[in-house]
Amino acid sequence: MSTSRDFSRQATLGGVVELAGIGVHSGAAISITLRPADPGTGIVFLRTDFDANVDGEVRAHHALVSATDLCTVLGDVSGPSVSTVEHLLAALSAFAVDNAIVEIDGGEMPILDGSSSDFVRAIASVGVRNQSVTRRYLKVLKPIRVEVGNSFGEVRPYNGFSIDVEIDFASEVIGRQRFAFDVNAESFTKEVSRARTFGFMADVEKLWSAGFALGASLENTVVIGEDRVVNPEGLRYDDEFVRHKALDAVGDLSLAGAPLIGAFKSYRGGHSLNIALLRAIFEDRDAWSLVELEPRRSHVAYSEASPRIATAAFGPDVS
């Protein structure tokens with residue numbers, strides 16, 4: 001399927017698509033349905049397992065992030081919430097999807113193979129269509145930086161949207177890695193969409209005892225032993241670890257409420273730092289402006305693909 005995109009206009013999905021898998025922490029079976037939505041809707045998660053008298057909607061916005069320990073969690077833990085939203089949000093953001101309804105029958109997104117690959121296939125299978133309403137961008141006007149210990153995250157003015165992530169692990173299997181790219185559908189699909197979440201074998205028992213990572217396995221997580229990657233198939237990219245961190249950053253930054261025009265950079269970051277940076281941007285009214293683009297068409301090709309059913313994964317938040 002192919003279409004012509006006008007990035008000065010909002011966009012939604014070209015059709016309905018379903019995916020299913022298991023929850024990374026609960027191990028429970030989860031199904032989602034991605035649906036087109038009207039202009040101005042944004043990305044909204046709808047908990048279909050809630051009673052009809054209860055509002056099960058959770059909007060994708062940084063103000064509604066309630067936890068960032070192992071993943072990004074939206075909503076109130078005492079009410080409707082959805083965890084591990086970052087991989088889907090990254091794919092929607094890269095494909096410039098402004099409006100979509102995500103129906104979900106549980107409180108945890110299926111992480112599928114631990115990457116955004118299946119979400120990309122799902123979006124590509126139905127395509128993305130322009131809408132009549134003007135798209136507004138969040139333009140960064142001056143540098144904003146957040147530091148936590150020896151970690152930092154920053155965003156600077158830039159004519160586009162770029163991600164530059166560096167990690168530095170004590171583990172010799174990972175070590176110090178850096179990856180940077182300009183974000184669009186093509187670069188995201190090729191460079192980071194297949195990068196899986198990862199975890200250390202030594203942490204598994206601790207997570208299990210705390211009731212986490214019950215759905216994780218070698219089929220959906222890059223597992224790191226003392227001196228090697230445990231997965232028999234190895235890595236999808238030589239630097240898959242930092243590319244997954246870049247993927248997470250795209251998803252987290254999509255919670256700004258509008259597409260970013262700016263350059264993001266982090267060192268030893270993760271979900272907590274990404275969200276802290278977003279909040280710091282909005283605390284400084286001189287740091288940003290909402291802008292519109294001149295109408296300009298770009299031809300975007302989408303390959304026909306069928307979303308597959310897979311399982312879930314887990315990963316550490318900081319390096």
Those residues of region 80-93 which are open to solvent by less than 10 Å² (accessible area, probe 1.4 Å) and either assigned to a helix (DSSP H, G or I) or touching a Lys or Arg at 6+ places or on another chain (Cβ under 6 Å) (or both), in sequence order: Glu86, His87, Leu88, Leu89, Ala90, Ala91, Leu92
Counting only residues that are more than 30 Å from Glu294 (Cβ to Cβ) and of a type in the set (A, V, I, L, M), which one in region 137-151 is most open to solvent (accessible area, probe 1.4 Å)? Val148
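Kindly indicate whether Ser132 is over 23 Å from Ser272 (Cα atoms), of a type outside the set (A, V, I, L, M, F, W, C), assigned to a helix (DSSP H, G or I) and out of contact with any Leu (no Cβ under 9 Å at 6 or more places or on another chain).
Values: over 23 Å from Ser272 (Cα atoms): yes; of a type outside the set (A, V, I, L, M, F, W, C): yes; assigned to a helix (DSSP H, G or I): no; out of contact with any Leu (no Cβ under 9 Å at 6 or more places or on another chain): yes.
So Ser132 fails the test.
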Given the condition surrounded by fewer than 16 Cβ atoms within 10 Å (Cβ to Cβ) and of a type in the set (Phe, Trp, Tyr), answer yes or no: does some residue in region 47-56 qualify? yes
If you take the residues in region 286-297 that are closer than 15 Å to Gln10 by Cβ and open to solvent by less than 100 Å² (accessible area, probe 1.4 Å), which one is modelled with the lowest pLDDT? Pro295
Against the definition (farther than 24 Å from Leu277 by Cβ and assigned to a loop (DSSP other than H, G, I, E, B)), how does Arg194 come out, yes or no? yes
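Within region 165-179, which residues are touching a residue at least 60 places away in the same chain (Cβ under 8 Å) and of a type in the set (A, V, I, L, M)? Break it down stepwise before answering.
Taking region 165-179 as the starting set, the residues that turn out to be touching a residue at least 60 places away in the same chain (Cβ under 8 Å) are 165-169, 174, 177-179.
Scanning region 165-179 gives Val165, Ile167, Ile174.
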Criterion first (surrounded by fewer than 19 Cβ atoms within 10 Å (Cβ to Cβ) and either without any contact (Cβ under 8 Å) to a residue 12 or more places away in the chain or not aliphatic (A, V, I, L, M) (or both)) does Arg236 satisfy it? yes
For region 19-44, which positions are closer than 20 Å to Ala124 by Cα and in a strand (DSSP E or B)? Leu19, Ala20, Gly21, Ser31, Ile32, Thr33, Leu34, Arg35, Pro36, Ile43, Val44
Only one of (1) out of contact with any Gly (no Cβ under 6 Å at 6 or more places or on another chain); (2) outside any helix (DSSP H, G or I) does not apply to Ile275, and that is (2)
Out of (1) touching a Lys or Arg at 6+ places or on another chain (Cβ under 9 Å); (2) at pLDDT 95 or above; (3) closer than 19 Å to Val65 by Cα, the one Glu283 does not meet is (1)
Tell me yes or no: at least one residue of region 58-65 is farther than 26 Å from Gly160 by Cα, basic (Lys, Arg) and open to solvent by 20 Å² or more (accessible area, probe 1.4 Å). no
Can you report the number of residues in region 171-220 which are closer than 28 Å to Phe161 by Cβ, open to solvent by less than 20 Å² (accessible area, probe 1.4 Å) and in contact with a Gly (Cβ under 6 Å, 6 or more places away or on another chain)? 3
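The values are calculated or read from the model by the stated rules, or taken from the named source; none is laboratory data. Please read these numbers as outputs of a predicted model, since none were measured by experiment. FYI the Cβ positions are ideal-geometry reconstructions off the backbone, even for glycines, and counts take in every protein chain you see. Just so you know, the surface numbers come from the protein's heavy atoms only, side chains and all, with ligands and any DNA or RNA stripped out. Shrake-Rupley method; radii C 1.70, N 1.55, O 1.52, S 1.80 Å.
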